[in-house]
């Protein structure tokens, strides 16, 4: 149990800016096992953001409450996944081949493709959420953040890491059966909990949207790179999260 708690705390430290005392907990084996808790950490982040929205919605209009909620989310994660999205589109859009794309993605400067992708992603995310009722926003934020981290885990489990080094290198090993079981259990639990508040068919529509985002993003970067990097994990998480929200909106419409 202590080992699992240590792995969970390392996953929080890896994916967020939350202050977690992990200096005495680190080991390469534990860090390698952290993907099993990515969806759970995503659900935790989503719950914190949803709580912020719930509080802000009492004193502010929905649109302004959502803008502030999204800002809090960026602060909680350090825009970790959004940075990956921007870098991925810079590399895929500006690189003529695999090596040039990887070189561009490693550059800390933000280009036209990355800027456009980031602005559009935030805009579509906001527009999707603002189209939902308040309860759906709260449930959607928690579920979307959890299930979109599943999207990243699926890439780790079924693709190959294409860099010799990088932030995602320590967690790029093939996931164990135990890790996949924890991931599946977490996601089944979040779907079951969400279905208590909104129709299961609506969640199904959200999952279809998330799957479409996952597949579309993978087709984009795997065709160019032949695998994935840490940046593309952030990109697939973001696009899957947006796809989930779009699925909810489509069901309501």
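The values are calculated or read from the model by the stated rules, or taken from the named source; none is laboratory data. Since the structure is predicted, the reported quantities are computational estimates derived from the model, not experimental observations. Using ideal geometry, Cβ is built from the backbone for each residue, glycine included, and neighbour counts are taken over all protein chains shown.
Being assigned to a helix (DSSP H, G or I), touching a residue at least 40 places away in the same chain (Cβ under 8 Å), within 16 Å of residue 163 (Cβ to Cβ) and in contact with a helix residue (DSSP H, G or I) (Cβ under 9 Å, 6 or more places away or on another chain) is not true of residue 47. Filter segment 71-107 down to the residues that are outside any helix (DSSP H, G or I) and under 22 Å from residue 42 (Cβ atoms) and list them by number. Hits for segment 71-107 are 78, 79. Restricting to segment 173-201, what's the tally of residues that are assigned to a helix (DSSP H, G or I) and in contact (Cβ under 8 Å) with a residue 60 or more places away in the chain? Selection size over segment 173-201: 8. Selection of segment 223-253 for residues being surrounded by fewer than 17 Cβ atoms within 10 Å (Cβ to Cβ) and closer than 26 Å to residue 80 by Cα yields 223, 226, 227. For residue 25, the criteria (1) modelled with pLDDT under 95; (2) more than 22 Å from residue 217 (Cα to Cα); (3) out of contact with any helix residue (DSSP H, G or I) (no Cβ under 9 Å at 6 or more places or on another chain) hold in every case but one, which is (3). Criterion applied to 234, 204, 213 was being under 14 Å from the mean Cα position of the chain (by Cα), over 19 Å from residue 40 (Cα atoms) and either in a helix (DSSP H, G or I) or touching a residue at least 40 places away in the same chain (Cβ under 8 Å) (or both), and the one residue passing it is 213.
Of all residue pairs spaced 6 or more apart or on separate chains, none has beta-carbon atoms under 7 Å together with a first member in segment 16-42 that is at negative phi and in a loop (DSSP other than H, G, I, E, B) and a second member that is modelled with pLDDT under 85 and surrounded by fewer than 19 Cβ atoms within 10 Å (Cβ to Cβ). Among the candidates 157, 178, the residue that is touching a helix residue (DSSP H, G or I) at 6+ places or on another chain (Cβ under 8 Å), at pLDDT 90 or above, within 23 Å of residue 28 (Cβ to Cβ) and surrounded by fewer than 16 Cβ atoms within 10 Å (Cβ to Cβ) is uniquely 157.
A count restricted to segment 11-30 and to residues that are under 18 Å from the mean Cα position of the chain (by Cα) and surrounded by fewer than 23 Cβ atoms within 10 Å (Cβ to Cβ) stands at 6. From the list 141, 118, 102, 85, which one is modelled with pLDDT under 95 and either within 25 Å of residue 215 (Cβ to Cβ) or touching a helix residue (DSSP H, G or I) at 6+ places or on another chain (Cβ under 6 Å) (or both)? Checking each option against the conditions leaves just 102.
Residues are listed down the side, and each one gets a yes or a no for (1) under 22 Å from residue 16 (Cα atoms); (2) surrounded by 17 or more Cβ atoms within 10 Å (Cβ to Cβ); (3) in contact (Cβ under 8 Å) with a residue 24 or more places away in the chain:
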| site | (1), (2), (3) |
| --- | --- |
| 70 | yes, yes, yes |
| 81 | yes, yes, yes |
| 88 | yes, yes, yes |
| 92 | no, yes, yes |
| 95 | no, yes, yes |
| 99 | no, no, no |
| 102 | no, yes, yes |
| 110 | yes, no, yes |
